Structure formats: structure tokens, C-alpha cells
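The values are calculated or read from the model by the stated rules, or taken from the named source; none is laboratory data. This structure is a prediction, so every number in the text was calculated from the model and none was measured. Methodologically, a virtual Cβ is constructed for each residue, glycine included, from the backbone with ideal geometry; neighbour enumeration extends over all protein chains shown. Surface accessibility is based on the protein's heavy atoms, side chains included, excluding ligands, DNA and RNA. Shrake-Rupley method; radii C 1.70, N 1.55, O 1.52, S 1.80 Å.
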Amino acid sequence: MNKAKLIPLLLVVFSMTLFAQRTKLRPGTNIFSPQQDVDLGREVAKDAERQLELINNGNANTYISALGQRLASKVPNENKFPFYFKIVNDRSINAFALPGGPVYVHRGAIEAADNEAQLAGVIGHEMGHVILRHGTNQATKAQVGQGALGILGAVLGNGAAGQIAAVGGGFLANSVLLKYSRDAESQADLIGTQVLYDLGYDPKAMAEFFDKLAKEHKGTKTEEFFSNHPIPENRVTKVNAEIKKLGPLPPTPRTDSPDFQEAKRIMLSLPEPAKRDTKATPANSKPPAAPSARTIEFNSNGVRLRHPDNWKSSVQGTHATIAPDDGIINGNLAYGMIVDVFQPQGAADLDQASAQLLNQLKQGNAGMQTTRSRVQTKLDGRPALLAELSNDSPIGGKETDVVITVLRSSNEMMYFVMVAPAKDFPQYRNAFNQVLDSVRLR
Ligand SMILES: [Zn+2]
């Protein structure tokens, strides 16, 4: 080997030793199996596609699929999630991915991207959420709020997983599957950065694009994206730190392609999408009959109580929903109550355990706000706390949630959530109070 060849080789070897290993990311806690991610994503996708308008343009569809599959060939997809990619005819700058592989890019995101690297970064970021299973990780964390949300019953019960998409009465914007934490955002950024690098793109493109959007496009066009993908702290700095670990950058990284510019041109030339009312009230939202004065007994998981005889209970594990017919809209409780057990983290007194519970409920319900903080009360003669919350109702508008907590043992708290739309809550207050008065804990 002559010297001329040896020197570049040595440089490569030397420079490799300068770079730390890339960040290896693993999915967090998850009570779902990877296959359930796939099943759930498919169900929600079906629902989504009924409500969204997809772009049906051969060239643009071929382009987004080809770009997506190229990215898919490089992401560390250990669970072999089957990715697919579609364009939504919506001019807001957004993209979202559902568990197990469906990735949707809004037309507005393609229109707003300057080049292919930026778009590839957005898609890579979304794929990061999929492979790191952030959606079902969120659902896992929010499981305690399942009653208020109808999450796990929907998912693990009869497979009506599309309900998750409609959590809180809104559409995907409100879905617990798409409410990522700032940490999840940082992780998705790292996956996006790594995959850009691995395909020879400028790895800075994604963070730059998000940064640009956050600064220049404040307002409605990006509102949905940033409400689901909260801006992580020091986004650009963290991405740059990762880039340093990845290795030498190509001297002229790929940034664009004629195919991207063609797809962007197609998007810009399409007619304005038809206005859609995604917050439309579900068709089956006729209000339930008033609570009956006659009561029947409920007895499950060490809780006994009496509830109006025109309400039905359904129990799944420790979780019970007691609601009138028509009280559950698309799997979400609009009228009725939840009884469940909460296990606090660490040694917690009633106040601390209740605070933990309320935090978890809020994590899973973006629109949830405390309207009355914890006040002391009694339940079955035991000290209890009562909090009142406001949340988005599945029938549209706001609902009132009253949460009562009581310790059953040092590491187990029972909680009761009474739910009704804010405008109807006064008519339900009596019935709720009578139920609470009848509670006997074992
Ligand atoms: Zn994100």
C-alpha cells in the first residue's frame, strides 16, 4: 500500500476514534405488545382516514412512499413495524404517526419544507415515535385515567381501538397516542437526525426546520403539530451534540432532490382542501335519560355501592365504568362514573397520592384543568379528598369531572370519577351524591 492511500485510511481510522457512539434509544415501559401497537395503529388509522381527506395524486403518493421507505430502511426498527406513508390534504404544517407504522404527512408540511432533507427529517422524527413506541407508552402512563378516557377498555377489551383517536371528544389532536412528552420529542429528534445522517442528508435539517417553524410560523398553521409535539428544551443544541457523535459528515451532504421539488409543486398547485369540521358532534349524542331514582347494587373489587337502575356497570380488572345508555360516546365516558384503584409511587399519604393521580389524569387529557383543588370530605366514614376538574367532553364543549379519593391501605387508593357535561352536571349532582353516600369499602 502506498503512502498516498495509507494517509486517508489512517485519517478515517483516526477520525472514527474521535466520535463517540451514537445514542442508542429504547422504548419505555409499555403494557402493550408490539403486535398490539400494529393492531391499534391500524384501527386508529381506519378511523383517521374516514375523517381526514387524503391526497390522491399518483406522483406525490409514489414520492412520499419512496422517501418513507428509504428512511424505513435505516431506522433501527427492531419490532419490524410495517411503515406506510400517506399525504393528508390539509394545509396546516403537521405530520403524525400512529403506533405500529402508519405515517401521515400534511400537505402543508411539504409546502413549508425548503428541501427534501427537511421533509425527510420530519418523517424520520415521526418514525422515531413509532419505533420507540411513544404512543402506547403514553397510553400506558395514562392507564390510570382510562376511565375518563376510555383507553384501555377500548384497546384491550373489544378491540374498538379507534376510540382512542376520539379521546376527549376532539379528533387526533386530542389523542393520548399523539401527546408526546418533551423527552419523547428529544428522542424522536435523535432518531430523525441519525436516519438523515445514515442516508447522507444534512443531519441538521430536521431541527432547523422545526426551529424555523416554531419561530416563523407561530399560529394556527403549526398549532396542532406543536401541541402534539411539544418543543423540547435546547432542541438544536441536542441535535448538534448527536451529530458530533455520528461521525464525519459528507463534504457535500444531500439536501434536495428534483422529486421533492416536483411533489412540492404538485401540492402547491392543488385546489384548497374542502373545509372539514373535525370537531363535529358524534351522531349518536342524544343525551341519556335522567338518572332513575330506583337503585341497584354494584359490588366489585372490594367496593359496594348503589347506583341508578338505568345505569349499567362494566368491569375490567380493577376498573369499573357505571353509566347510562347513551352515556358513552365512541367509547368515551360522557355521563356516568368510574371506580378504580390507584397505586401511588413511593410512600404517599392521601394528599400526595391524590396529587399523583390528578397529574396522571392530566397527562392523558390535554384539555383537563383543575377548577377546585383538593378539599377534605368523607367517604364511608374515612377521610377522603374531592377535586373538581374541567375537561373536553366527548359530546363537545366542556365536562365537569369530580374526583374523590380515599386510601384503602398504605399503598392503595380508591378513586371515583363522576363525569357529566358541564351544562348537565347540576342535574347529575344529586345522583352522584347518592351513589357516593352508598359506598362501602372492604
Ligand atoms: Zn414529535
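Around the amide H of Ser92, modelled in the peptide plane, lie the amide H atoms of Gly108, all under 5 Å away and 5 or more residues distant in sequence or on another chain.
Remark: the range 301-315, residue by residue, has Karplus-estimated 3J(HN,Hα) of 6, x, 10, 10, 7, 10, 10, x, 6, 9, 9, 10, 9, 9, 10 Hz, where x stands for each Gly or Pro and the curve is 6.51 cos²θ - 1.76 cosθ + 1.60 at θ = phi - 60°. Using a probe of 1.4 angstrom and keeping all protein chains present, the accessible surface of the range 68-126 works out to 25 square angstrom per residue. Residues whose amide H lies under 5 Å from that of Arg254, counting only those 5 or more places away or on a different chain, are Tyr201, Asp202; hydrogens are built 1.01 Å from N in the peptide plane. Taking square-rooted eigenvalues a ≥ b ≥ c of the alpha carbon gyration tensor, is the range 290-442 rounded, prolate or oblate, where a/c under 1.5 means rounded and, failing that, a/b exceeding b/c means prolate? Oblate shape, in that a/c is at least 1.5 and b/c is the bigger or equal ratio. Take the alpha carbon atoms of the range 329-405, find their center, do the same for the range 58-90, and report the distance between the two centers in whole angstrom. Between the Cα centres of the range 329-405 and the range 58-90 lies a distance of 40 Å. Here the range 299-400 exposes an accessible surface that is 42 percent carbon and sulfur, computed with a 1.4 Å probe and the other protein chains kept in place.
A straight Cα-to-Cα reach below 15 Å connects Lys221 with the aspartates and glutamates Asp90, Glu111, Asp211, Glu272, residues fewer than 8 places away in its own chain not being considered.
Working note: Karplus 6.51/-1.76/1.60 with θ = phi - 60° gives the range 376-387 the couplings 7, 8, 10, 9, 6, x, 9, x, 9, 10, 10, 10 Hz, where Gly and Pro are set to x.
Would you please classify the overall shape of the range 181-269 from the alpha carbon gyration tensor, given that a ≥ b ≥ c denote the square roots of the eigenvalues, rounded means a/c under 1.5, and beyond that prolate means a/b larger than b/c while oblate covers the rest? Oblate.
What shape does the range 352-442 take by its C-alpha gyration tensor, where a ≥ b ≥ c are the square roots of the eigenvalues and a/c under 1.5 counts as rounded, a/b above b/c as prolate, and the rest as oblate? Note, shape of the range 352-442 comes out oblate. The residues of the range 256-405 present an accessible area of 50 Å² per residue when probed at 1.4 Å with all protein chains retained. Each residue of the range 428-435 was assigned a 3J(HN,Hα) from its phi angle through the Karplus expression (A = 6.51, B = -1.76, C = 1.60, θ = phi - 60°), giving 9, 4, 4, 4, 4, 4, 5, 4 Hz with x at Gly and Pro.
Peptide packing for 102-111, 260-269, 206-215, 372-381 was compared via the average number of neighbouring C-beta atoms within 10 Å per residue; ordered from the highest value, the list is 102-111, 206-215, 260-269, 372-381.
Accessible area of the range 28-104 with a 1.4 Å probe: how many percent of it is carbon plus sulfur?
Details: 1530 of 3290 Å².
Whole-percent figure for carbon plus sulfur exposure: 47.
Sorting 117-127, 85-95 by average packing, meaning the other beta carbons within 10 Å per residue, from highest down gives 117-127, 85-95.
Highest mean packing comes first when the peptides 419-429, 386-396 are listed by Cβ atoms within 10 Å, giving 386-396, 419-429.
Would you mind telling me the share, in percent, of accessible area of the range 182-258 contributed by carbon and sulfur at probe 1.4 angstrom? Within the range 182-258, the accessible surface is 53 percent carbon and sulfur.
Around Phe85, which amide H atoms from residues at least 5 apart in sequence, or from another chain, sit under 5 Å from its own amide H, with H modelled in the peptide plane? Here the answer is Val103, since their amide H atoms fall under 5 Å of that of Phe85.
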